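Below: the structure, in structure tokens.
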Amino acid sequence: MVTRARPSLLCLAGSAGAETLATGGATGVEGPERPGPLQDETLGVASVPSQWRGVQGIRGETKSCQTASIATAEASAQTRKCADAEVQTEAPEPVGVPSVPWNDGARLAAFLRRVEVMVTQELNKNWQSHAFDGFEVNWAEQQQTVTCLHTLGYPPAQGQGLHVTSVSWNSTGSVVACAYGRLDDGDWSTLKSFVCAWNLDRRGLNPQQPSAVVEVPSAVMCLAFHPTQPSHVAGGLYSGEVLVWDISRPEDPLLWRTGLTDDTHTDPVYQVVWLPEPRHSHRFQVLSVATDGKVLLWQGAGAGRLQLSAGFALAVQQLPRNTKLKKPPRGETEVGATAVAFSSFDPSLFVLGTEGGYSLKCSLAAEEAALARTPSSVPLRAPARFTFSPHGGPVYSVSCSPFHRNLFLSAGTDGHVHLYSMLQAQPLTSLQLSHKYLFAVRWSPVRPLVFAAASGEGDVQLFDLQKSSQKPTVSIKQTQDESPVYCLEFNRQQTKLLAAGDAKGTVKVWQLSTEFTEQGPRETEDLDQLAAEVAA
């Protein structure tokens, strides 16, 4: 309750006013102009809001703070128990030195002078002897016979009646690959084919299930593993294409292909070879040989394409004059190439086998332009430098000796193997190994006088020229029904292994006996003598 005085009372003055205040106004008579006595009055509640609190409320802020998440890790360490131990041996007892008996120095000197001439003569004989030349101690177990380690095949390819047209070992010597195609008559350009590979070092090897299978739209005629990349393999097709696969990528194995362009072969490719690039020895290019008369060099380019880098063409008019080929029909000048082998001593020197039965010595350094009718993105050159006396039919295989710069072998449809010297046209020797075709011949990588041949009668024949120059040392029966053996390859890493493929679609891996893998005394000298005697 709030009590307040009327404001008019405050205007009274003097004693009268004081008296009026004291008596409460009773002495006078109220009137309209005179105020009445003081009275209590009840009013409503008045409130005044706090300005300070309002200001503080406006200034107030709400904030929060979150620390970064704390990274935690658990680690454990295992200590190694160590223990030190000492062993004290007994103190060694001094060993007494036996007394040396006195010798007659004069008599000993006389004896040495007396036998000096005889001992010197014997030492000279031993120094000049070649009895142990090439002998190396081999602690491996001796293998007395040639045995079959594996019989490999791919049932889907065999079910189509496909042949094994080529075999190749990879750079480690543990993987063997084969190409499936056809070598008999017929148009097989549209037939689906396969490239298969088996890792022989893998545990649980299944001979009927390859470790890698590549489906190919055309028959594969030849195959060659990369010299240093264990999973890269090049192949030539019946369609004329050249392809490179990476068999370690089962989903997408194709690396490069030539495609069907003006540069591509127009006939089946019968052999492919990896060659180091001239200026980059660690980089390789692919050389292909086909029956269209072209020898082409390919390099891997972008977008999975093989690009032509150099090329050669064989024309009748540009062969050496000693070549007696039949005059070709008008306009047909190409000489079909069926096989190639490069020298181990001269990287530019190679030998070509031809459909006409001739072997040609050729050079990558040839400069003469070739008389080629087909267009090409690079100038084609004529490589032939010398012609050797021919076989009685097409040459299916050639192989240069890894131990002599002038020697090479050739095999053809006449059933003969010819041993040639690069220095003369006539063969050094000619061996009839079969009454049917010979499809492959390969020189041993470890024995200078040993080579192997694959025959159309189902045999793999091993020759040791140190034992006989006329008949095989061992003849292995690859097929029981005398189906042809089309290809074979020695393993350069595991030198006791030889792979051979046949018309039944089977690859057999043979383990060679010790006599074919260990070099004998004076074997290199005998090879040199064989080449020198006839060449002279």
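The values are calculated or read from the model by the stated rules, or taken from the named source; none is laboratory data. Keep in mind that what you see is a predicted model, and the values were worked out from it rather than measured. Cβ placement follows ideal geometry from the backbone for every residue including glycine, while neighbour counts extend to all protein chains displayed. Remember, those area values only see protein heavy atoms, side chains included, never the ligands or the DNA or RNA. Shrake-Rupley method; radii C 1.70, N 1.55, O 1.52, S 1.80 Å.
Points worth noting:
- For segment 280-305, filtering for residues that are out of contact with any Phe, Trp or Tyr (no Cβ under 8 Å at 6 or more places or on another chain) and loosely packed, with under 14 Cβ neighbours inside 10 Å leaves 6.
- Filter pass, Ala425 being in contact (Cβ under 8 Å) with a residue 12 or more places away in the chain and under 30 Å from the mean Cα position of the chain (by Cα): no
- For segment 209-221, the criterion of being open to solvent by less than 60 Å² (accessible area, probe 1.4 Å) and under 16 Å from Gly336 (Cα atoms) is met by at least one residue.
- Every residue from segment 461-471 that is open to solvent by 40 Å² or more (accessible area, probe 1.4 Å) and not charged (D, E, K, R): Gln466, Ser469, Gln470
- Pairing each residue of segment 192-207 that is touching a residue at least 24 places away in the same chain (Cβ under 8 Å) with any residue that is open to solvent by 80 Å² or more (accessible area, probe 1.4 Å), provided the two are 6+ apart or on different chains, yields C-beta distances under 7 Å for Lys192/Glu215; Lys192/Pro217; Phe194/Glu215.
- Close pairs (7 angstrom Cβ cut-off, 6 or more residues apart or separate chains): farther than 12 Å from Pro445 by Cα and open to solvent by 30 Å² or more (accessible area, probe 1.4 Å) in segment 393-413, polar (S, T, N, Q) and assigned to a loop (DSSP other than H, G, I, E, B) anywhere: Pro394/Thr413; Tyr396/Thr413; Arg405/Ser343
- Selection status of Val474, within 28 Å of His163 (Cβ to Cβ), open to solvent by 20 Å² or more (accessible area, probe 1.4 Å), within 35 Å of the chain's Cα centre (by Cα) and of a type in the set (A, V, I, L, M): yes
- Of the residues Asp252, Asp201, the single one that is open to solvent by 50 Å² or more (accessible area, probe 1.4 Å), out of contact with any Ser or Thr (no Cβ under 9 Å at 6 or more places or on another chain) and either on the phi < 0 side of the Ramachandran plot or at pLDDT 95 or above (or both) is Asp252.
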